[in-house]
Amino acid sequence: VKTGDWEYKYEILCPTVTEFLKHCSNSYGTNWQDNVQVNVKILRCFTSWVSVGAISLNDLADHVVINRAFEILNFKPDGDKQSIAGAFHEAATDCICTLLQCLEDNNNQLALESYLFNNIVNLEVPYHMSVANEDQDKSMDYCRLFTELAESFLEKIISNSTPKQMHYAIKVLDLVLICVGHHDYEVAEITFNLWYVLSEELYQKNNKELTEMFRPYVERLITALCRHCQMEPDYEGLLEDGDEFKDFRLKVSDLIKDVVFIVRSSSCFRQMTENEVVPKVVEAILNVPENTHIPVKYTSVLLLGELCEWIEKHPATLDPILNFLVCCLPQAGVGAAAAVALQNICASCNDHMPRHVPILLQLLHQVDTFAITNNAVIGLLKGVASIVGKMPHGGGDGSCEGAVFHATESDLPVDRAGRRAVEGEVHPCKPVMLEVWPVLSRTFDKYQTDIRIMERCCRAVRFMLRCVSQQMNELLESLVGQIVRIYSLYKHSCFLYVGSILVDEYAADVGCVQGLLDMLQAFLEPTFQLLQEENGLRNHPDTVDDFFSDPVEFLQCPSLVHILQCALLASTLDHKEANMSVMKFFYDLINQGQSDRMQPSFQTRKGLVKRILDEYGQQLITNLLHACVFYLHSYMLSEVADVFVQLLDFDREATGKWLANGLDTLPKQSNGGVMAATPQQLKDILVSITSSNTSKSVTHALKDLTRLYR
């Protein structure tokens with residue numbers, strides 16, 4: 001089916017497909033245990049059509065295929081009855097989960113919502129049976145269902161709960177927590193995204209009374225996760241990098257950091273531990289016996305790093321803690337933890353750390369002798385760089401240069417080492433940058449076919465440019481020539497990103513503008529060749545992302561027309577970062593005709609933007625509307641809304657006409673099975689958008705529009 005007419009063909013086919021699936025389900029449903037493969041295909045086919053919005057959610061509350069899915073999920077084998085095949089059970093689970101995901105974008109389907117909720121909460125007994133039968137695959141299926149149900153109801157639970165009366169769907173959190181208590185941590189891990197979303201919602205609302213209502217659930221979550229994270233008592237040594245259990249423990253650590261505010265740990269910490277518990281904990285860690293079990297010592301050292309904010313407020317403890325951590329660095333097993341702890345302490349306590357820089361720099365010279373990973377070394381470098389960045393320039397002790405040189409060698413974000421060059425003075429890091437550049441240049445040439453090495457080198461160049469800002473003019477010609485030459489051969493998108501950094505830093509320099517325009521022109525042809533291949537935009541989202549990162553000071557550039565045409569094609573790309581860059585490109589382009597009104601160039605810029613919109617405004621708005629309805633995820637609509645607001649601010653009348661024409665190209669409601677909008681609904685959307693002044697209100701209008709088609 002071609003992209004341009006898919007909705008029409010779905011509209012024609014949908015009633016036929018729906019009736020066909022009903023017929024098949026009824027025909028093979030009587031003895032479905034004997035027709036597993038056919039029933040799996042029925043479920044998967046139905047799920048596919050629902051997932052793309054081809055089957056309307058209206059009147060699905062008692063659909064025969066959905067009933068069959070719940071019949072499978074509720075199946076209790078006894079006597080001669082065999083257990084449900086894994087693929088059959090999984091297909092039924094996928095079907096119900098897809099319906100729940102569709103409900104998140106269609107919150108007006110109350111009958112289906114109630115039907116799904118009541119049937120899913122009744123799956124608690126089958127879940128317990130799967131645990132008793134040690135059927136982990138089915139346990140994970142039920143956990144997915146409970147978690148998806150909780151996510152689809154979460155907004156309503158939060159918005160409609162009070163201390164006196166919680167929303168009725170709160171029961172699903174109890175079911176999710178039952179799954180978190182499963183003996184296998186893989187089941188618990190399925191629920192993590194739900195708790196992330198819950199913590200984010202509560203954090204944004206910043207309502208203590210509301211947060212308190214969810215505290216018991218998070219307390220139960222933390223208790224269960226602590227049990228899952230316990231190592232076997234007879235386990236020797238530390239978990240290896242890449243070990244699944246270690247990865248799980250790290251995920252748990254991240255999750256608890258996100259949800260811990262709900263159980264009010266910060267207030268408890270301030271009230272109970274500032275002067276009572278923490279000093280005792282620190283003293284105990286500093287005096288751990290040499291024969292302490294390695295995992296215990298490893299965790300203790302990490303804990304010191306987590307106490308960095310307390311240490312910053314109690315600087316008298318800094319010297320003994322640093323001495324302890326420095327002694328731990330060479331020790332096998334705990335060296336990596338010591339590096340992490342030092343990084344945290346350096347970042348939080350940098351006002352107290354300058355006098356320790358000479359010792360820390362000596363450590364950097366010895367890092368190759370420590371039993372720690374490269375990531376731990378880089379973390380240590382980041383900590384030292386954060387201290388150097390706070391130090392005054394002109395100290396003459398070489399601290400800044402020493403830290404930056406090590407940082408550059410290790411691919412560290414060296415802009416952390418300081419951006420505080422006084423205007424008119426040479427940045428203290430510049431000599432190091434000039435010394436490092438020939439090495440990077442030779443690396444570019446030698447490993448130009450290796451994308452991984454090219455990305456790392458481009459990252460180093462990026463930080464060099466950001467660090468010293470406009471003080472690298474002597475390298476520009478060499479750098480630009482090299483990245484253009486290699487990009488024309490291998491089309492590594494990281495070179496486009498370096499180009500955008502160069503434009504960002506040097507576009508205000510009149511002497512550099514022509515060279516930057518030539519660079520942009522040189523990038524155009526190979527980029528268009530790549531993106532105009534079949535599925536080129538979808539297969540190369542990083543290239544789209546990096547290409548449209550360029551600012552738009554180049555309104556008179558002859559290549560701008562070609563860039564616009566490419567951007568219009570890319571507006572339907574559902575890759576988050578790439579689409580965000582395209583939307584930012586449009587936003588910045590239109591904003592050039594509205595910003596800095598007092599500058600002499602304003603009228604010229606405004607005229608150039610108007611000329612562009614007169615030619616491409618209608619196409620832009622039509623493409624954006626179709627992207628919202630047929631391609632983009634709902635969470636990507638806010639960036640599109642920003643572009644609409646810019647258009648309305650620039651010329652509300654013209655934008656209103658373009659919107660009316662664009663909405664008129666969308667499918668209208670018919671008697672077919674595809675959801676579509678009535679003319680009146682589209683008119684209401686038009687009024688909502690054209691009367692809006694904020695991105696938030698336009699986002700709501702776009703979400704309302706997409707719900708009419710999904």
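The values are calculated or read from the model by the stated rules, or taken from the named source; none is laboratory data. None of the values given here were measured: they were computed from a predicted structure. Because the Cβ atoms are built from the backbone with ideal geometry, glycine has one as well, and the counts that use them run over all protein chains shown. For the accessible areas, the whole protein counts, side chains as well, though only heavy atoms, and no ligand, DNA or RNA atoms are used. Shrake-Rupley method; radii C 1.70, N 1.55, O 1.52, S 1.80 Å.
Tabulated results
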| quantity | calculated |
| --- | --- |
| Criterion: within 30 Å of the chain's Cα centre (by Cα), modelled with pLDDT of 75 or more and open to solvent by less than 30 Å² (accessible area, probe 1.4 Å) - qualifying residue of A69, A54 | A54 |
| Among (1) under 24 Å from the mean Cα position of the chain (by Cα); (2) within 19 Å of E435 (Cα to Cα) - the single one M464 does not satisfy | (1) |
| Matching residues in the stretch 622-636 - criterion: being buried (at least 18 other Cβ atoms within 10 Å of the Cβ) and in contact (Cβ under 8 Å) with a residue 60 or more places away in the chain | L625, C628, V629, F630, L632, M636 |
| Of all residues making up the stretch 97-134, the number that are assigned to a loop (DSSP other than H, G, I, E, B) and open to solvent by 40 Å² or more (accessible area, probe 1.4 Å) | 6 |
| Residue within the stretch 346-368 that is closer than 30 Å to E232 by Cα and either part of a helix (DSSP H, G or I) or open to solvent by 40 Å² or more (accessible area, probe 1.4 Å) (or both) present | no |
| Count - residues of the stretch 564-582 that are open to solvent by less than 50 Å² (accessible area, probe 1.4 Å) and without any contact (Cβ under 8 Å) to a residue 24 or more places away in the chain | 1 |
| Within the stretch 583-611, considering residues that are within 21 Å of I689 (Cβ to Cβ) and among the β-branched types (V, I, T), the one surrounded by the most Cβ atoms within 10 Å (Cβ to Cβ) | I590 |
| Residue within the stretch 472-493 that is within 23 Å of A508 (Cα to Cα), open to solvent by 10 Å² or more (accessible area, probe 1.4 Å) and in contact with a Pro (Cβ under 7 Å, 6 or more places away or on another chain) present | no |
| Which listed residue, of L307, L322, L329, is surrounded by 20 or more Cβ atoms within 10 Å (Cβ to Cβ) and over 21 Å from A371 (Cβ atoms) | L307 |
| The listed residue being outside any loop (DSSP other than H, G, I, E, B), free of Cβ contacts under 8 Å to residues at least 12 places away in the same chain and on the phi < 0 side of the Ramachandran plot, out of Q482, Q514 | Q514 |
| Test: residue in the stretch 443-464 that is of a type in the set (S, T, N, Q), surrounded by fewer than 18 Cβ atoms within 10 Å (Cβ to Cβ), in contact with a helix residue (DSSP H, G or I) (Cβ under 7 Å, 6 or more places away or on another chain) and in a helix (DSSP H, G or I) | yes |
| Of all residues making up the stretch 542-563, the number that are under 19 Å from the mean Cα position of the chain (by Cα) and either open to solvent by 20 Å² or more (accessible area, probe 1.4 Å) or at pLDDT 75 or above (or both) | 4 |
| Given (1) at pLDDT below 85; (2) within 36 Å of the chain's Cα centre (by Cα), number of the condition I359 does not satisfy | (2) |
| Yes/no for D411 being in a helix (DSSP H, G or I), modelled with pLDDT under 80 and under 28 Å from I453 (Cα atoms) | no |
| Counted residues, the stretch 279-329 - those being among the β-branched types (V, I, T) and within 35 Å of the chain's Cα centre (by Cα) | 5 |
| Qualifying helices (runs of 4 or more DSSP H) (wholly inside the stretch 147-264; at least 2 residues being touching a residue at least 40 places away in the same chain (Cβ under 8 Å), hydroxyl-bearing (S, T, Y) and surrounded by fewer than 20 Cβ atoms within 10 Å (Cβ to Cβ)) | 192-205 |
| Failed item, numbered, when A341 is tested on (1) among the aliphatic types (A, V, I, L, M); (2) open to solvent by less than 60 Å² (accessible area, probe 1.4 Å); (3) farther than 20 Å from E283 by Cα; (4) assigned to a helix (DSSP H, G or I) | (3) |
| Only listed residue being open to solvent by 50 Å² or more (accessible area, probe 1.4 Å), more than 19 Å from T572 (Cα to Cα), β-branched (V, I, T) and touching a residue at least 40 places away in the same chain (Cβ under 8 Å), chosen from T665, T690, T694 | T694 |
| Within the stretch 494-510, tally of residues that are in a helix (DSSP H, G or I) and open to solvent by less than 40 Å² (accessible area, probe 1.4 Å) | 11 |
| Residue in the stretch 128-136 that is under 15 Å from D94 (Cα atoms) and at pLDDT 90 or above present | no |
